[in-house]
Amino acid sequence: MKLLNFEGRSVLNSRDVAGMIGKEHKHLMRDIRTYINDMQDSPNLDPRQFFIESTYTSDQNKILPCYLLTKQGCEFVANKLTGKKGNQFTAQYVSLFNSMKEQISNPVEQALKSFPIPRTMGEALRLAADEADQLAKQKPKVDYYDSQMRNPGLMTTTEIAKDFGWSASKLNKWLAAHHIIYKQGRHWVLYQKYCGEGYTQYEPFAYKKNNRQGIRNNLKWTQKGRKFIYDKLAEHDIHPVIEQLSLLD
């Protein structure tokens with residue numbers, strides 16, 4: 001059971017509420033319809049502040065009706081209950097809504113609680129790669145150029161190589177020797193088996209030579225690609241300088 005978000009409001013699904021109060025869903029639906037009919041007789045009451053019509057897909061793949069209950073709706077249902085079930089339901093929905101309110105009031109604190117602290121560089125790279133991958137999936141296609149081709153999160157081979165105390169030339173040669181990249185003209189490109197994995201992006205840059213201007217594509221690595229290189233090197237017992245130092249302690 002969890003709170004849902006409907007147009008910025010926290011709500012509970014009537015099926016979950018039915019389970020919380022030990023009532024069949026169809027019977028709770030009947031009760032809610034009665035409550036709505038009673039409210040509609042008063043011009044000062046808006047049933048949608050309590051109960052919102054919705055639907056769900058059953059196990060038989062049928063679209064069936066249900067309701068979304070706001071906090072006021074839960075309070076209304078709770079007031080109709082007596083005894084242990086009523087008390088338990090009240091305690092549950094109050095805890096849920098208060099928990100959501102706390103998360104909204106203290107977003108930074110909640111984020112810190114839920115964000116895992118990496119213990120190694122490998123874990124840090126994995127978290128960065130996962131975060132970048134999620135952001136890329138959420139970005140509209142119209143933002144592709146700005147978010148990827150001009151993404152400050154993209155890294156040059158030189159920057160990645162420095163983590164290992166290597167030069168870009170040495171890292172490129174290692175990657176080439178292990179059939180990850182190869183030279184095509186003046187440019188390094190990925191072997192086909194690694195294309196489409198989101199490891200690299202080509203960032204265009206302007207150049208001027210002999211009074212002639214042009215555009216070249218520079219291969220850069222995404223955070224996912226950086227983690228890929230880290231893992232590949234680790235398979236051969238090659239680790240970043242910072243991890244090498246920790247191993248000496």
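Every number here is computed from the coordinates shown, using simple stated rules; none is lab data. Please read these numbers as outputs of a predicted model, since none were measured by experiment. Note: ideal-geometry Cβ built from the backbone for every residue, glycine included; neighbour counts use all protein chains shown.
Equivalent-ellipsoid semi-axes (√(5λ), Cα gyration tensor) for segment 1-42, whole Å, largest first?
20, 17, 6
If a paramagnetic tag sat 7 Å from the Cα of Asp59 along the Cα-Cβ line, which residues of segment 22-47 would have the backbone N under 15 Å from that point?
Residues 25 qualify, since their backbone N sits under 15 Å from the label point.
Between Thr90 and Ile242, what is the label-point separation in nm under the 7 Å Cα-to-beta-carbon projection?
5.3 nm
Among 79-86, 49-56, 154-161, how do they line up from the highest to the lowest mean number of other beta-carbon atoms within 10 Å?
With the highest mean Cβ count within 10 Å placed first, the list reads 154-161, 49-56, 79-86.
Return the ratio Rg/(2.2 N^0.38 Å) for segment 4-111, where Rg is computed over Cα atoms only.
It is 1.13.
Sorted by packing (mean other beta-carbon atoms within 10 Å per residue), highest first, where do 220-232, 4-16, 185-197 land?
In decreasing order of mean packing, 220-232, 4-16, 185-197 become 220-232, 4-16, 185-197.
If a paramagnetic tag sat 7 Å from the Cα of Glu159 along the Cα-Cβ line, which residues of segment 168-203 would have the backbone N under 16 Å from that point?
Counting only backbone N, you get 168, 199-203.
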